[in-house]
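Down below is the structure, laid out as structure tokens.
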Amino acid sequence: MNELRNEEKFLTFMNNNGPKAKKSKNNYISWLRFISTKYNIVDDQITQEKIDRVSVNIQNTSDDRSIYNTQKDVSNIKSAMNKYLKFVIATKK
């Protein structure tokens, strides 16, 4: 399975900033891995504009996938990308 860029540091960030549940953290990682293989935006250049663009795209292509194809999935993926953006911003300080 692919690893995210800075995955271990991102896990540490989530330990300190939520979500607290291990299952939730694992879900965030899975969703971000999915996005990173499709869109290549999960890196230190992630922006809100990129997140918004990808969110619209995954919503518009939900019927083409067998996984992550519900409105809740799209919302969860967007939440994971926003958490990664917060991580990137925090590490740049």
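Since every read-out is calculated from the coordinates, none of them should be taken as a lab result. Note that the structure is predicted; figures quoted are calculated from it, not measured. Counting neighbours? That spans all protein chains shown, and the Cβs are built from the backbone with ideal geometry, glycine included.
Remind me, what semi-axes does the chain give for its equivalent ellipsoid, largest first in whole Å, using sqrt of 5 times each Cα gyration tensor eigenvalue? Don't skip to the answer; put the middle values down first.
Details: eigenvalues 88, 44, 26 Å².
The equivalent ellipsoid of the chain has semi-axes of 21, 15, 11 Å.
Can you give the local net charge around ILE29? Use residues other than it whose beta-carbon is closer than 14 angstrom to its beta-carbon, Lys and Arg +1, Asp and Glu -1.
Charge balance near ILE29 sits at +4.
Output wanted: per-residue J couplings in Hz (rounded whole) for the stretch 37-48, from phi through Karplus 6.51 cos²θ - 1.76 cosθ + 1.60, θ = phi - 60°, x for Gly and Pro.
6, 8, 10, 6, 10, 8, 8, 6, 9, 5, 9, 4
All other residues with a Cβ under 12 Å from the Cβ of ILE89 taken together, and with Lys, Arg as +1 and Asp, Glu as -1, what is their net charge?
Spelling it out: positives minus negatives among the neighbours equals +3.
To the nearest 20 Debye, how big is the dipole of the stretch 7-92 about its Cα centre, given +1 on the beta carbon of each Lys and Arg and -1 on that of each Asp and Glu?
360
Given the DSSP H assignment, sum -39500 (n - 2.57) over each helix run of at least 4 residues in the chain and divide by its residue total; what's the result at 222 nm in deg cm²/dmol, nearest 500?
Working: 4 runs with 64 residues, N = 93.
The helix contribution divided over the chain gives -23000 deg cm²/dmol.
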